[in-house]
Structures are given as structure tokens and as C-alpha cells.
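Below you'll find the structure, written out as C-alpha cells, and then a few comments.
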Amino acid sequence: MKDRIYVNELPQHVGQKVTVAGWLHNLRDHKNFGFAMLRDKTGIEQVVLNAEQLEQLRALQLESVLKFTGTVVERKAKDPSVKAVEIQAETMEVLSPVTTVAPVEISKTDLDLNLDTLIDNRVVTLRHPKQRAIFRIQAALVHGYRSYMSKQGFTEIFFPILAGAASEGGSEFFKVDYYGREATLSQSAQLYKQITMGVYEGVYGLSYSFRAEKFGTSRHLTEFNQFEFEVGFVDGMDEVMDHAEAAIREMLTTVEKTCELELKLLSVTLPPVGKRFPRVTLKEALEAYKVEGGVDETHEPDLSPAAERWLSTTWGPKHHDCGFVFVTDYPATKRPFYVKLDPADPSNTLSFDLVGFGSEIISGGLRVNKYEEQIERLKAKGLNPDQFEDYLMMHKFGIPPEGGFGMGLQRLTQNVLGLANIKEATIFPRDVQRLRP
Ligand code: 4AD
Ligand code: MG
């Protein structure tokens, strides 16, 4: 729309005639005059209506799409340090009339809805400034990730979603009928990003992942995105973790720089990131949980959700002023077939998780890059190498020592913003029960 300015630009136009457009967020009716609270993508501002315009809006509902021309004038503000303005409307045009009452009241400061009502009415609840803020911050995280990775000279790859075999093992995958054949929906871009190590040496991408989770939890979706990463000619696992840490630092800085208003609106303080994310083995983590946390899970082959929470919200902040903790050295029984075994102890793997502000946000590690070794690993996991012919072709034709990671976009958003349920960090979430809207 030519000549239109946004609500957040209004203070620079005091005394001038402007055109604004947006949604009727609220209407204040004072009989002979009134105020329309007009919302656009940048904020909400007050438009002073004459009796005739007010009359016209009385016949409509909130969320009607309107266009005004009028003069910007200063008004008294509650907070005298900010320059408050309003528009004295001269003309009003209804671009899209709404005649149905919205299912939820989105003009309130807080929506205060239970999660199902929030998501059932997503089409409308997304318009609430606090909901909008979540996905602006998510977009800034993505922007920071891409910025870090492209500065390293890495190549962005777009991975397929329709696949033959499942990559992560287990039964958590969706089958689809593909012209009478059975295909699966990608659980992760794992095998494809590894294949690109024969060419690009460093790749990244935002993939779609699907998991046929059996239960709904506050941390699991059936469809989510992963920040994928893979790098070749690595000396060891620390190099992969260095990239994960540096990427996250740039992502959080990008949020701080570009989403000041959104963070304020959500009353969010970003997690402390210390000087360096601590790196501990699974054994050390479980030992600390026993000694300092008072819970003995030292016999477990993995971190429980409670241990992850304790490690990243209590132990990390206390000892390292950091809400992120790398945990390394997971047992081979707990890691997929592509993960490199520890040459010093083949029951151990050269793999890691990053727990961040409440739960796991990354899994990663070094990969098997030799052909014979990969055949052995597949067999040991009870998988048939014949079904991995394309994947094994890369091992046959030379893959450097390499590693990488996958980081859940929605999981990261959830933890960084301290949201109780991952669905709040997902614009259109899918879970065991939900396939709409
Ligand atoms: O831990 P996962 O399953 O690891 C992989 O997919 C590997 N291919 C990664 C690698 O490069 N080695 O998934 C990676 C991340 C998790 O740490 C979590 O953040 C997120 O993806 N994730 C989920 N997010 C939402 N819902 C689910 N069901 C998720 N499953 C994993
Ligand atoms: Mg994992």
C-alpha cells in the first residue's frame, strides 16, 4: 500500500497528515466521539474518531480491517518519558468488515487461555501481541543461525522430507503410501547431511522432522524443525561443540539486538551464557546430580528429564553462570547406528547432547566415516545394510572424519523464552491428537 506508514513510525510524523492501516484491536465508545485502537505489524495506536466514523464502526466487530488518513498529534502519556501520539482521523475506509464476534478476546493484555483453546483458535490468537512476539523471536533465532553459518563459509542445504528408510531408529516414524510403495517422513536430515560431507565440508540447514511420538508431552511434537549442521575434517568432538556454542551465542545476540520490544513484552530475560558452556561427561553429570542434587541416577544410561532440568537450571548457572551444559560420552546402546564409537572404549560413543535451560536442545557427535565400520554398526543395531545402499555409497567413496548436530527450533524457542509447553513455541503445532488448524 503506497504512502502507508506504520504505527511505530507515527512519533516522527507529528503535525503531518498520514495514512495508516490495520486491524480494529479495540473500540472505545464515548457517545459523540470514540477511539479506535488500530493494530498493525509494528504495534497498536489510538485513532480519534468523529461521531460518524464511530457510528460506522459500532455496526462492525473487532478485527475489521481499516484504513485511515489523518493528522498525527501529540497526546499526554502515562509515562512522560515517551512521546505519545494519536491520529485525528479525517477519512476512514473499511477494507474488510468483520461481522462475527471473535471467539476469544484478543484485546486483553494477557490472553489467559488454556493451551487447547489457544491453539484451537490459533487463526485469531496469533494476532495477540504476545503471541506475535514469540514467533518474531523465533525468526530472529533462525536469522542468527544462518548468519553464523554463512560467515563460516558453510553451504545451506535443503533436505528431502520424503525418504525410504528411517534414520534415527526406533518406531517413531510415519509411514506414507508412495504410489503403492512404503515411504517414511524424515525423522532428521541426518543421512543426507552426512552425504554432503563428500562435497561441501561444512553444511547447515533448517529441516523438517517428523516423529510418531506415542504420547503427548510438554517437550515433544510430531512435526518440528531442526537446525542441522555437519562439518568435515574435524579433529574431534570439541570442534563440533565449538560451532554449536558459537552459533547459539550469535542467535541470542541477534534476538537481543532485534527483538528488544518483544522480549520486554514477554518479560523475558535471556538465559545466562557465561564465558564458555561447560562440558561434562554423562558420568560426571550424573555424579553431580547425586552429590549436589541429592538424586542418585548414576546407574542410568541417559539423563532423565529431571536431571536435564537440574543440570541446566541449577548446576550450570551456579558453577558456570551458564544455562547451557554439554553432556558427552553416551553409551552405544543409547545412540543411533551412525554415531562413532569411542576407540578407547567401544561401549561408549563420541556423542553429546546440549541441555539448555530446562531440557535437551541438541544431539550431536562424530560419525562413522569408514565403510566396514558402518556395516558393523548397522548389523549391531539389528539393521539390514542392504536397506542403506545409497547411504553406504558415501562411505565407499570417501568421507572425511566428520561430525555435526541437530538442534530443535521449537525446543530452543520454548526454553529460551521459558514457555511451559513446546506447543506455545510452535506456530501451528501437531501432536498425537492435533492436526488442526
Ligand atoms: O536428538 P534427536 O533425535 O537427534 C537427531 O535427530 C540427530 N539426527 C541429530 C544429530 O545431528 N546427531 O533430535 C535433535 C533435536 C533434539 O535435541 C530436540 O531439540 C529436537 O531435535 N527434537 C524434538 N523437538 C520437538 N519434538 C520432538 N518430538 C523432538 N525430537 C527431537
Ligand atoms: Mg537427542
Legend entry - Cα-centred dipole magnitude for the stretch 7-96, charges only on beta-carbon of K, R (+1) and D, E (-1), debye, nearest 20: 200
Inset, instruction - Rank-order 412-419, 319-326 by packing density, defined as the average count of other C-beta atoms within 10 Å over each peptide's residues, highest first. - result: 412-419, 319-326
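Can you give the Rg to Rh ratio for the stretch 106-227, taking only C-alpha atoms and Rh from Kirkwood?
Numbers: Rg = 18.1 Å, Rh = 17.2 Å.
Taking Rg over the Kirkwood Rh, I get 1.06.
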Legend entry - Spatial extent of the chain: Rg and Dmax, with the Cα atoms as the point set, Å: 26.1, 84
Inset, instruction - Over 24 Å between C-alpha atoms is what I'm after, so list which of LYS83/LYS264; LYS41/LYS83; LYS283/LYS370; LYS41/LYS67 land there. - result: LYS283/LYS370
Inset, instruction - Please work out the Cα center distance from the stretch 274-294 to the stretch 43-120, rounded to the nearest Å. - result: 51
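Using a 10 Å cut-off around each Cβ, can you sort SER81, SER147 from fewest to most neighbouring Cβ atoms?
Lowest to highest Cβ neighbour count: SER81, SER147.
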Legend entry - Loop sites in the stretch 216-301: chymotrypsin sites (Phe, Trp or Tyr not before Pro), DSSP, at most 13 other Cβ within 10 Å: PHE233
Inset, instruction - Assuming 0.692 mPa s and 37 °C, estimate D for the stretch 7-96 with Stokes-Einstein, Rh taken as the Kirkwood radius over Cα pairs, in µm²/s. - result: 253
Inset, instruction - Would you mind getting me the FRET efficiency between LYS275 and LYS396? Use the beta-carbon distance for r and R0 = 41 Å, nearest 0.05. - result: 0.40
Legend entry - Contour minus Cα-Cα distance for GLU287 and ASP116 (0.36 nm per residue): 57.6 nm
Inset, instruction - Can you pull the one-decimal nm distance between simple spin-label points at ARG4 and ALA212, each 7 Å off the Cα toward Cβ? - result: 4.5
Legend entry - Ellipticity estimate at 222 nm from DSSP helix runs (n ≥ 4, -39,500 (n - 2.57)) divided over the chain, nearest 500: -8000 deg cm²/dmol
Legend entry - Computed FRET value (nearest 0.05) for GLN88 with ILE427, which takes r as the C-beta separation and R₀ as 35 Å: 0.45
Legend entry - For a label point 7 Å along the Cα-to-beta-carbon line of PHE233, residues of the stretch 380-403 with backbone N under 16 Å: 398-403
Inset, instruction - List, largest first, the extents of the alpha carbons of the stretch 98-151 along their principal axes, each in whole Å. - result: 49, 25, 20
Legend entry - Positive minus negative residues near PHE428 (Lys, Arg vs Asp, Glu; Cβ under 13 Å): +1
Legend entry - Cα lying deepest toward the dipole's positive end in the chain, options MET197, GLN387, PRO11, charges on Cβ: PRO11
Legend entry - Test item: Cα-centred dipole of the stretch 129-425, Lys/Arg +1 and Asp/Glu -1 on Cβ, debye: 820
Inset, instruction - State the answer as a single residue: which of LEU266, PRO400, LEU286 lies farthest towards the positive end of the charge dipole of the chain, with beta carbon charges of +1 for Lys and Arg and -1 for Asp and Glu, about the Cα centre. - result: LEU266
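What FRET efficiency comes out for THR71 versus ILE161 if R0 is 51 angstrom and r is the Cβ-Cβ distance? Round to the nearest 0.05.
Details: r = 52 Å, r/R0 = 1.02.
My answer for the efficiency is 0.45.
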Legend entry - Normalised contact order of the stretch 7-96, rounded percent, pairs of Cα under 8 Å and 6 or more residues apart: 32
Legend entry - Cα pair distances of the stretch 141-289 binned at 10 Å [whole percent]: 9, 28, 34, 24, 5, 0
Legend entry - GNM top mover of ALA59, ALA420, ALA102 - the chain, alpha-carbon springs below 10 Å: ALA59
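Bear in mind that the values in this text are calculations on the coordinates, not laboratory data. Source: prediction; values computed, not measured. Every residue, glycine among them, receives a Cβ derived from its backbone with ideal geometry; neighbour counts consider all protein chains shown.
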